[in-house]
Amino acid sequence: MPTLILLLAVLFSSTSFAADTLLRLETRADVQVPFFYMKRDKATATVILLPGGAGGFGQLVDGKPSGQNFLVRSRDYFADAGLNVAVMGRASDKSDLDYADRIAPEHMEDIKKLVDYLRKDSGLPIWLIGTSRGTVSATAAAIAFGNENLAGIVLTSSVVSPKKIGAVPKQDIAAIRIPVFVLHNEKDACKICAPYEVPAIIDGLKNAPMKKRIMVSGGENPTGDPCEAMHYHGFIGMEKTAVELITGWIKNPTP
């Protein structure tokens, strides 16, 4: 049985963990996965946020993750929408979550153990939300165990280039039989996440009971690498709008 270790004792009581707490879950022998848990009263679902890049969420600053990944910096918007939020970090035996790592059995086991823990803890439906490389993880998990254990997945700024291992359209997405929401910025200039290749995801989801693709064109003041979080790839300047689209669909999936 996975072991849960409290790292940050924030207003801890004998009956429950307070909201916004950093925990570690033992998912494999001598391997722990950190996650920042934001549990909310009267939540309607629990979302697991899967950051892109190397898979981390940054150091804690004033008790909160400092990473600038779109999902990490937007976590409060998900919680404000009435959802429990778990920001998943990188397993302790990894220094990076590259493309091959994100479709590996070990990573699938890590995600599955976290899903199992959160289902037991909250009793609520579990959604995976990935961004950039996190979409590789979310897609692989949906195929591996999602039909039995997930309410659905959300893919933002998806990896679609056929040159990348685990690119979403290259995976066996016809095996996915849960709702899938795809959100992408038309201004995304990251070559491995080219907007014109995104329709291939919807085309490949032949057995998803509900699927939706929304292309947005907002955002402002992009800086740095077009494949990084502070560019259109990371929904810069429109984080709240992007999260509202995601959470609205989670609560009421429509084609």
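The values are calculated or read from the model by the stated rules, or taken from the named source; none is laboratory data. In this text, all values refer to a predicted model and were calculated from it rather than measured experimentally. Here Cβ is always computed from backbone atoms with ideal geometry, including for glycine, and neighbour counts include all displayed protein chains. Surface accessibility is based on the protein's heavy atoms, side chains included, excluding ligands, DNA and RNA. Shrake-Rupley method; radii C 1.70, N 1.55, O 1.52, S 1.80 Å.
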task: Compare the peptides 150-160, 90-100, 177-187, 119-129 by average per-residue count of other Cβ atoms within 10 angstrom and give them in order, highest first.
output: 150-160, 177-187, 119-129, 90-100
- line: Here the gain from full extension of ALA174 to ASP30, 0.36 nm per residue of separation minus their alpha-carbon distance, amounts to 48.4 nm
- request: Under 12 Å from the Cβ of LYS211, count the other residues' Cβ atoms, weight Lys and Arg +1, Asp and Glu -1, and hand me the total.
  value: +3
message: If you count only protein heavy atoms with a 1.4 Å probe, what accessible area per residue comes out for region 44-131, rounded to a whole Å²?
response: 37
- line: Here, region 50-196 modelled as identical Cα point scatterers in vacuum has Debye log10 I(q)/I(0) at q = 0.19 Å⁻¹ of -1.24
field: Estimated FRET transfer efficiency (ALA194, GLU148; beta-carbon r; R0 30 Å; 0.05)
entry: 0.35
message: With every protein chain kept in place and ligands, DNA and RNA left out, what is the accessible area per residue of region 150-224? Probe 1.4 Å, answer in Å².
response: 43
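Leaving out ligands, DNA and RNA, and with a 1.4 Å probe, what % of the accessible surface on region 186-255 is carbon or sulfur?
The value for region 186-255 is 51 percent carbon and sulfur by accessible area.
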- request: Per DSSP H run of n ≥ 4, the term is -39500 (n - 2.57); total these for the chain, divide by its residue number, and report the mean residue ellipticity at 222 nm rounded to 500 deg cm²/dmol.
  value: -6500 deg cm²/dmol
message: Taking the Cα centroid of region 88-156 and of region 69-87, what is the distance between the two, rounded to the nearest whole Å?
response: 16
field: Helix axis angle, 239-251 relative to the chain longest principal axis, alpha carbon, degrees
entry: 80
Additional length obtainable on full extension of the chain from ASP121 to GLU220, 0.36 nm per residue less Cα span: 31.8 nm
- prompt: Which residues does a label at SER161 reach in region 176-199, if reach means a backbone N under 20 Å from a point 7 Å past the Cα toward the Cβ?
  reply: 183-199
- prompt: Carbon and sulfur atoms: what percent of the 1.4 Å accessible area of region 25-118 do they account for?
  reply: 45
Inter-probe distance in nm under a simple model that places probes 7 Å from Cα toward Cβ, at ASP76 and VAL61: 1.3
